[in-house]
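The values are calculated or read from the model by the stated rules, or taken from the named source; none is laboratory data. These numbers were taken from a predicted model, which means no experiment stands behind them. All Cβ positions, glycine included, derive from the backbone under ideal geometry; neighbour counts span all protein chains shown.
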Amino acid sequence: MTRQLKILHIEDNVADAGLIARELKQSGIDFTIKVVETKNDYSNALKNYNPDIILSDHSLPQFDSIEALSIYNENNFQIPFILITGSVSEEFAIRCIKEGADDYILKNNLIRLPSAIKQALKSRQVEADKRKVHLELEATNKELNTFIYKAAHDLRGPLCSIMGLTNLATMEGEKENLKDYIHKISESTLKLDAILLSLIDVMTIKDTQPVLNEIDLKSLVDSVIKRLKYIEGYEALKFKIKIENKKGFFSDESILNSVLYNILENAIKYRNMSHPGPFVDVKISNTDTGIKIEIEDNGIGIDGDIKDRIFEMYFRGNEDSKGSGLGLYLVANGIKKLGGTVCVESKLNNGSVFTIVLPSNLILT
């Protein structure tokens, strides 16, 4: 065991409690123990002591192990519960197990207690791991269903526009408007292409193992900004880049490129057009284990009521947004894939600061 075990022991006999503690010490288990003998003390200890395991005598003056198990179950605890009693019938033992106990030990056979505790902790950990995997699978399935539904919906819009405009363009008597139709078809095609590229980025980040190479951060930032020149509003912003990277940095360049592009694209799209000097500052500095990237703008900012939701799939925080709703979702998933963290500080009409911390030499699993 790698840490000290916190044991909650329900016992009204001081001598028995001492014998049990001695048996555990002799077995080499590192533990602290809290002994209670009343229902009230037991309930309080469950809330405040935060035990790793419960050992319970069967019969006490005020309550018994069945009632202790009932309180345990009502609070949905997932820690082991082991009954320790002087004598027990097979029927009672079966009942305790059905009620949620992990095991039962006779007081005249305490030598089995240490192994029973270790086995119960191991079994509970296996159950916890299974629950975690199940919850993650449920979340993934829910996310996938949302992804498919929203993707189909977003793709359907420009496709319908293209089909409708194509039909109009082929109609008799509509040749004089052909140039306008072609222009609109081109706009819908570009929108469709942007959506498809976002979807490809999502799947690439989710399904691809990062490829680690040393990254020239200045060249990376320069290439991202060069791509942004075609975004409407780029010319209005002043970019300031400050890179103080004195150590080699290893990561996945493609994922990091996507992360930076999506944050900077948002800074351009949501610039404050009434501000006389809109800007975006990008600062990169070393940490003990990697780098920190700070991206600050003086744009329209983010309302505090929605700040915690901006990294959700398809979330659009601005009613004027015409994007896919995947940009910051890509950012969050990309940074997670790179083993880093991202946080944002923002006030409405007062700009935003995105802070990204990334490790170098990410350990791939």
Check your understanding: Regarding I29, is this residue within 21 Å of L113 (Cα to Cα), touching a residue at least 24 places away in the same chain (Cβ under 8 Å) and either touching a Gly at 6+ places or on another chain (Cβ under 9 Å) or outside any loop (DSSP other than H, G, I, E, B) (or both)?
Key -> no
Check your understanding: Considering F81, F92, F77, F63, which residue is of a type in the set (F, W, Y) and at pLDDT 90 or above?
Key -> F81
**Study point:** N257 being in contact (Cβ under 8 Å) with a residue 12 or more places away in the chain, surrounded by 17 or more Cβ atoms within 10 Å (Cβ to Cβ), touching a helix residue (DSSP H, G or I) at 6+ places or on another chain (Cβ under 7 Å) and under 16 Å from L338 (Cα atoms)
**Key:** yes
Check your understanding: in a loop (DSSP other than H, G, I, E, B), touching a strand residue (DSSP E or B) at 6+ places or on another chain (Cβ under 8 Å) and either outside the structural domain of D154 (by TED's automatic domain parsing) or polar (S, T, N, Q) (or both): does that describe G301?
Key -> yes
Review point. Which number in (1) farther than 25 Å from P158 by Cα; (2) in contact with a Phe, Trp or Tyr (Cβ under 8 Å, 6 or more places away or on another chain) marks the one condition that M313 misses?
Key: (1)
Check your understanding: Are any residues in the stretch 271-287 modelled with pLDDT of 90 or more and either buried (at least 18 other Cβ atoms within 10 Å of the Cβ) or in a loop (DSSP other than H, G, I, E, B) (or both), and if so, which ones?
Key -> R271, P278, V280, V282, I284, T287
